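This report refers to the structure that appears directly beneath it.
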Amino acid sequence: MRTIDSLGDLSGKKVLVRSDFNVPLDAEKNITDDGRIRAALPTLTRLVKAGAKVVVMAHLGRPKGKVNPDFSLAPVAARLGELLGQNVKLAADTVGEDAHRLAAQVGPGEVVLLENVRFDPRETSKTDSEREELAALYAALADVYVSDGFGVVHRKQASVYDVAKLLPSAAGELVFKEIDSLSKATDNPQRPYTVILGGSKVSDKLGVIDNLIEKADRLLIGGGMAYTFLRAQGYEVGKSLLEEDQIENAKAYLEKAKQKGVEILLPTDNVTAAEFKADAPASVHPADAMPAQEMGLDIGPQTAERYAQAIADSKTIVWNGPMGVFEFEAFAKGTRAVAQAMQDACGFTIVGGGDSAAAVRTLGYDETKFNHISTGGGASLEFLEGKTLPGIAVLED
């Protein structure tokens, strides 16, 4: 994979950088988690110090190809400027008159940000010619291209894939770090190798489960997806999240794991409530005795202890998906237990982006205590599945 070094001396050159600034905002448009912006700093700081003229493009949310002020990158430009210690100007458009004006004016060591690339429907078009048309407009803004938005490298999009074919291109510091770290879980991982999978749906994790049963030593299942597995074992799951159409798949995975000698740990107790509310009264029940009128919203204390011990005994640990509704304090203990166990673990720890990364920050854990916290939920999953990521393949010699 080509690195920034392959682009030569960047002093005075215009460098187009694709970052991932898809950060959460509150009702007042304040950024509630700037992790993805901070993750982009190593690449941007390096380019600034090299005297490059930096033009950054990124997306925020899903504006569906239309200009929508609710998804403007204005809050991002302000925060990025604070972190870089300079005024980061935001173009009023993506590839229009204002974008060209700012790209022409940007000086060595300065950074400008283009407006949300997803305001243009061609960015995510399934038609190659439409994406290529937009990519040509991107390419006209710069001399070289750096791909640093790991969260989107699994997408064949104009700012990720097509523009990389039109300019001398390379992977940024973040993308290189992501691939290097995640490869420790796919290329001869140190064993025991444990994967913790949570989140709401089994269907979201089918590919990664299928692939990891071939590679991991044990899988720990939590979150809403656990109830489909428990139902596959014949347990009552009450009003818990359940994918009826995935029960047979869950049974098949349990059998396949047994044949492969891979241990699958499922909750032996759950924290339940009658309603999906932060202040709903919570109670703990064994997995084989869940009340029919309640729903599981977290793994129970016994399960949390078992999972923490499994993590402590492992040399490679990957975590993707919370164990419960961690946004509600009453149902955050399982996710806290996993985060704490990973923070204390002696093995190589990878937090696989998305809600898991958000949980680490929201619950107040020290990010430096984890070996790697990925910025890409879907991209991390697809990498772990063994899929070819278009935004990575296009950067390979």
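The values are calculated or read from the model by the stated rules, or taken from the named source; none is laboratory data. Here the structure is a predicted model, which is why all the values come from computation and not from measurement. Every residue, glycine among them, receives a Cβ derived from its backbone with ideal geometry; neighbour counts consider all protein chains shown.
Among the residues of the range 200-223, those identified as in a loop (DSSP other than H, G, I, E, B) and surrounded by 24 or more Cβ atoms within 10 Å (Cβ to Cβ) are Val202, Ala216, Gly222, Gly223.
Surrounded by 15 or more Cβ atoms within 10 Å (Cβ to Cβ), closer than 27 Å to Phe370 by Cα and without any contact (Cβ under 8 Å) to a residue 40 or more places away in the chain, is that true of Ala304? Yes: the conditions hold for Ala304. Residue-level analysis places Asp397 outside the set of residues that are acidic (Asp, Glu) and in a helix (DSSP H, G or I).
Restricting Ala40, Ala58, Ala27 to those that are of a type in the set (A, V, I, L, M) and farther than 21 Å from Val175 by Cα reduces the list to Ala27.
Pull up the range 102-118, narrow it to residues that are over 24 Å from Asn68 (Cβ atoms) and not hydrophobic (A, V, I, L, M, F, W, C), then point me to the one that is surrounded by the fewest Cβ atoms within 10 Å (Cβ to Cβ). Looking at residues that are over 24 Å from Asn68 (Cβ atoms) and not hydrophobic (A, V, I, L, M, F, W, C), I get Gly107. Answer with yes or no whether Thr335 is out of contact with any strand residue (DSSP E or B) (no Cβ under 6 Å at 6 or more places or on another chain), more than 30 Å from Tyr161 (Cβ to Cβ) and surrounded by 19 or more Cβ atoms within 10 Å (Cβ to Cβ). So Thr335 passes the test. When the range 119-157 is limited to residues that are farther than 24 Å from Lys14 by Cβ and acidic (Asp, Glu), the one that is surrounded by the most Cβ atoms within 10 Å (Cβ to Cβ) turns out to be Glu130. Scanning the range 371-381 for residues that are surrounded by fewer than 20 Cβ atoms within 10 Å (Cβ to Cβ) and assigned to a helix (DSSP H, G or I) turns up just one, Gly378.
Counting only strands (runs of 3 or more DSSP E) wholly contained in the range 243-336, the ones carrying 3 or more residues that are of a type outside the set (Val, Ile, Thr) occupy 269-273, 283-286, 295-299.
Of the residues Ala39, Ala99, Ala77, which is under 17 Å from Ser19 (Cβ atoms), modelled with pLDDT under 95 and surrounded by 20 or more Cβ atoms within 10 Å (Cβ to Cβ)? Criteria check complete, one pass: Ala39. Is it true that Ala171 is crowded, with 24+ Cβ neighbours inside 10 Å, touching a Lys or Arg at 6+ places or on another chain (Cβ under 7 Å) and over 22 Å from His100 (Cβ atoms)? For Ala171, the condition - crowded, with 24+ Cβ neighbours inside 10 Å, touching a Lys or Arg at 6+ places or on another chain (Cβ under 7 Å) and over 22 Å from His100 (Cβ atoms) - is met. Candidates Lys49, Lys66, Lys89: the one that is under 18 Å from Ala170 (Cα atoms), over 22 Å from the mean Cα position of the chain (by Cα) and in contact (Cβ under 8 Å) with a residue 12 or more places away in the chain is Lys49. Apart from one condition, Leu44 fits all of (1) closer than 24 Å to Val360 by Cα; (2) over 18 Å from the mean Cα position of the chain (by Cα); (3) in contact (Cβ under 8 Å) with a residue 40 or more places away in the chain; the exception is (1). Checked against the criterion of being surrounded by 14 or more Cβ atoms within 10 Å (Cβ to Cβ), β-branched (Val, Ile, Thr) and over 26 Å from the mean Cα position of the chain (by Cα), the range 242-261 contains one or more residues that satisfy it.
Residues in the range 1-45 that are in a strand (DSSP E or B) and not β-branched (Val, Ile, Thr): Lys14, Leu16, Arg18, Leu25. Filtering the range 130-173 down to residues that are touching a Ser or Thr at 6+ places or on another chain (Cβ under 7 Å) and among the small types (Gly, Ala, Ser), which residue is farthest from Leu381 (Cα to Cα)? Ranking the candidates gives Ser169 first. Listed residues Met342, Met323, Met290; which is over 20 Å from the mean Cα position of the chain (by Cα) and not small (Gly, Ala, Ser)? Testing whether each residue is over 20 Å from the mean Cα position of the chain (by Cα) and not small (Gly, Ala, Ser) leaves just Met290. Any chance the range 267-290 includes a residue that's surrounded by 18 or more Cβ atoms within 10 Å (Cβ to Cβ), within 30 Å of Gly386 (Cβ to Cβ) and aliphatic (A, V, I, L, M)? Scanning the range 267-290, I find no residue that is surrounded by 18 or more Cβ atoms within 10 Å (Cβ to Cβ), within 30 Å of Gly386 (Cβ to Cβ) and aliphatic (A, V, I, L, M), so the answer is no.
Scanning the range 175-223 for residues that are of a type in the set (Ser, Thr, Tyr), in contact (Cβ under 8 Å) with a residue 24 or more places away in the chain and out of contact with any Ser or Thr (no Cβ under 8 Å at 6 or more places or on another chain) turns up Thr186, Ser200, Ser203.
Only one residue in Val15, Val48, Val23 is buried (at least 21 other Cβ atoms within 10 Å of the Cβ) and of a type outside the set (Asp, Glu). Which one?
Testing whether each residue is buried (at least 21 other Cβ atoms within 10 Å of the Cβ) and of a type outside the set (Asp, Glu) leaves just Val15.
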